[in-house]
Amino acid sequence: MKKQLTVHPFPHDAESDGFIAALSSAVCAAKKYTDDTPYWCTSKGGYCKKCGGCAGQSLGKTQSSVYHCLLTASGLAFGFDYPEDDCVGAHSIPNIPIGWRWDDDFIANIMDFAGLSFIRCKNKTVAEIRDIVKDSIDSGYPAMAANHSVYPDDMAWVSCWKIVCGYTDDGITVMNYGGGICDETDGAYEDIIVITGEADRADNAVCRQTYFDILKWIHTVLSDSSHDTLENEIMSDLSNVTPENAVMLSYKLMGINGVPIEARWHAAEAFTSRDNLLYSLVDSSSDSAESNKLKAVAEKLADLFFKRYSAEGNNETHGIGWKIWACLNVGPQTGYLPTEESFQLIQQPDVQNKLKRLYKIVFDNDRAVANGIMEILNTVRKEKSNRS
């Protein structure tokens, strides 16, 4: 007997976090999203009408929307590195040490946000996994699996997660990073996350976490002391460039830039949509006054995130990131990696000063977003205090 679920390939478009990319495709399958699922087009301010201004309505856009929201609600959109990357000196997200591998509290929160129930298993053979996932797959729910205790190379963290999208008589069917599908009958996996169904909501809530819980966590990440430490480190590095460290600093600064240029854009996309997993927390209140208040907050945040992170020509982080790369002539033409020319450019004082100015804007944008969120949270606290 063989059964295989239809799962959208991952990653789709700009999705650098392999775990979140795999989870986004798994969530789409679990929620039965299709090419006909309504998709909110932020640029048009309404649902996609297949106007031809882009590639048109597709499951890929919905998968990207899920990725925007999962990366944002988890706080991963607001760091300067990804949590499974052990090559950084220190992570820029609270409670994530080097060697961190998606701890149970993190998985519980992100699955709660996605509205799905799950079980997690460790160290199972393919035969054992088949027995564990069969009932869930028969009900339309995929699983995820990875071997990630030790990476064979520095970039293996990007592609270690697979989606278990089916089973055979004597094994499982998996989708690998990149979308390739194959059957497996041998081997084992260290970490398995099985989606078992929709989350049980006795109170009919969309999510146990509220919209304000998500905002508090985002503020915590943005205001973490590691961000100030990193900013000071970057400024010090640029004040002490030498022929001996020019190569190392070029790779370091271009690598750091690769995270916020993409991740903050995902955050802006999450907050500016009016129909996605994040906005469902705004729409969840049955109290009209409460609902209107949440919508007003969401509108204010959409404007803040758009202006600081993605609005063109506004010193927004996405555009500033491209200017940072341009300082060392890095971009798609170089595979987003520095070159021999970059190693010479970074030694020029005017380039160093420009990089300082641009990186300061990136950190200033994060501070502005953190301050905007805190202003909203303080207002909510004051209103609650006044009512009591």
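The values are calculated or read from the model by the stated rules, or taken from the named source; none is laboratory data. Just so it is clear, the model here is predicted, and its values are computed rather than measured. Using ideal geometry, Cβ is built from the backbone for each residue, glycine included, and neighbour counts are taken over all protein chains shown. For accessibility, only protein heavy atoms count, side chains too; no ligands or nucleic acids. Shrake-Rupley method; radii C 1.70, N 1.55, O 1.52, S 1.80 Å.
Evaluate the following for Ile93: is it within 29 Å of Ile192 (Cβ to Cβ), modelled with pLDDT of 95 or more and crowded, with 18+ Cβ neighbours inside 10 Å?
yes
Out of all the residues in segment 322-378, which are of a type in the set (D, E, K, R) and within 19 Å of Asn245 (Cβ to Cβ)?
Hits for segment 322-378 are Glu340, Glu341, Asp350, Lys354, Lys356.
Can you list residue pairs whose Cβ atoms sit under 6 Å apart, with the first residue in segment 362-374 being modelled with pLDDT of 95 or more and the second being outside any helix (DSSP H, G or I)? Count only pairs 6 or more apart in sequence or on different chains.
Hits for this filter: Ala370/Ser223.
If Met1 satisfies all but one of (1) hydrophobic (A, V, I, L, M, F, W, C); (2) closer than 18 Å to Trp157 by Cα; (3) in a loop (DSSP other than H, G, I, E, B), what's the number of the condition it fails?
If we test Met1 against (1) hydrophobic (A, V, I, L, M, F, W, C); (2) closer than 18 Å to Trp157 by Cα; (3) in a loop (DSSP other than H, G, I, E, B), just (2) comes out false.
Residues of segment 105-119 being of a type in the set (Phe, Trp, Tyr) and either part of a helix (DSSP H, G or I) or open to solvent by less than 10 Å² (accessible area, probe 1.4 Å) (or both), which ones?
Result: Phe106, Phe113.
Within segment 102-116, which residues are closer than 19 Å to Ala30 by Cα and free of Cβ contacts under 8 Å to residues at least 24 places away in the same chain?
Ala108
If Trp102 meets every condition in (1) in a helix (DSSP H, G or I); (2) in contact with a Pro (Cβ under 9 Å, 6 or more places away or on another chain); (3) open to solvent by less than 10 Å² (accessible area, probe 1.4 Å) apart from one, which number is that one?
Here Trp102 meets the rest and fails (1).
Only one of these is farther than 22 Å from Gly75 by Cα, surrounded by 20 or more Cβ atoms within 10 Å (Cβ to Cβ) and among the small types (Gly, Ala, Ser): Gly180, Gly166, Gly197, Gly187. Name it.
Values: Gly180 fails: surrounded by 20 or more Cβ atoms within 10 Å (Cβ to Cβ); Gly197 fails: surrounded by 20 or more Cβ atoms within 10 Å (Cβ to Cβ); Gly187 fails: surrounded by 20 or more Cβ atoms within 10 Å (Cβ to Cβ).
That would be Gly166, the only listed residue that is farther than 22 Å from Gly75 by Cα, surrounded by 20 or more Cβ atoms within 10 Å (Cβ to Cβ) and among the small types (Gly, Ala, Ser).
Taking Cys54 and the conditions (1) part of a helix (DSSP H, G or I); (2) modelled with pLDDT under 90, which numbered condition does it fall short on, given that it satisfies the others?
Going through (1) part of a helix (DSSP H, G or I); (2) modelled with pLDDT under 90 one by one, Cys54 breaks only (1).
Can you tell me which residue is nearest to the chain's Cα centre (by Cα) among those in segment 39-61 that are within 28 Å of Trp161 (Cα to Cα) and open to solvent by 10 Å² or more (accessible area, probe 1.4 Å)?
Among them, the one singled out is Lys61.
Of the conditions (1) farther than 20 Å from Tyr309 by Cβ; (2) out of contact with any Phe, Trp or Tyr (no Cβ under 9 Å at 6 or more places or on another chain); (3) at pLDDT 95 or above, Thr210 fails just one. Which one is it?
(3)
Here is a check on your reading of the model: is Met254 under 21 Å from the mean Cα position of the chain (by Cα) and more than 30 Å from Cys48 (Cα to Cα)? Write out each step before concluding.
Working: under 21 Å from the mean Cα position of the chain (by Cα): yes; more than 30 Å from Cys48 (Cα to Cα): yes.
When the stated conditions are applied, Met254 passes them.
If I go through segment 338-361 residue by residue, how many of them are touching a helix residue (DSSP H, G or I) at 6+ places or on another chain (Cβ under 7 Å) and either open to solvent by 80 Å² or more (accessible area, probe 1.4 Å) or closer than 30 Å to Lys293 by Cα (or both)?
Number satisfying all stated conditions: 1.
Being assigned to a helix (DSSP H, G or I), at pLDDT 95 or above and surrounded by 20 or more Cβ atoms within 10 Å (Cβ to Cβ) is true for just one of Leu301, Leu377. Which residue is that?
Leu301
Would a scan of segment 319-339 turn up a residue that is touching a residue at least 40 places away in the same chain (Cβ under 8 Å), on the phi < 0 side of the Ramachandran plot and of a type in the set (Lys, Arg)?
no
Which numbered condition trips up Phe306, out of (1) touching a residue at least 12 places away in the same chain (Cβ under 8 Å); (2) within 30 Å of Glu383 (Cα to Cα); (3) open to solvent by less than 30 Å² (accessible area, probe 1.4 Å)?
In the conditions (1) touching a residue at least 12 places away in the same chain (Cβ under 8 Å); (2) within 30 Å of Glu383 (Cα to Cα); (3) open to solvent by less than 30 Å² (accessible area, probe 1.4 Å), Phe306 misses (3) alone.
If you check Ser250 against the conditions, is it among the polar types (S, T, N, Q), more than 23 Å from Asp112 (Cα to Cα) and surrounded by 20 or more Cβ atoms within 10 Å (Cβ to Cβ)? Spell out the reasoning first.
Details: among the polar types (S, T, N, Q): yes; more than 23 Å from Asp112 (Cα to Cα): yes; surrounded by 20 or more Cβ atoms within 10 Å (Cβ to Cβ): yes.
Spelling it out, Ser250 is indeed among the polar types (S, T, N, Q), more than 23 Å from Asp112 (Cα to Cα) and surrounded by 20 or more Cβ atoms within 10 Å (Cβ to Cβ).
Mind listing just one residue for me: the one in segment 163-190 that is in contact (Cβ under 8 Å) with a residue 60 or more places away in the chain and under 18 Å from Leu116 (Cα atoms) and, of those, farthest from the chain's Cα centre (by Cα)?
Cys165
Restricting to segment 12-36, count the residues that are more than 23 Å from Ser159 (Cβ to Cβ) and surrounded by 18 or more Cβ atoms within 10 Å (Cβ to Cβ).
Of the residues in that region, 2 qualify.
Considering only residues that are open to solvent by 20 Å² or more (accessible area, probe 1.4 Å) and among the small types (Gly, Ala, Ser), which ones fall in segment 66-90?
If the condition is that a residue be open to solvent by 20 Å² or more (accessible area, probe 1.4 Å) and among the small types (Gly, Ala, Ser), then Gly89, Ala90 are the ones that fit.
With respect to the numbered conditions (1) open to solvent by 20 Å² or more (accessible area, probe 1.4 Å); (2) farther than 30 Å from Val369 by Cα; (3) of a type in the set (S, T, N, Q), which one is the sole condition not fulfilled by Thr210?
For Thr210, the exception is condition (2).
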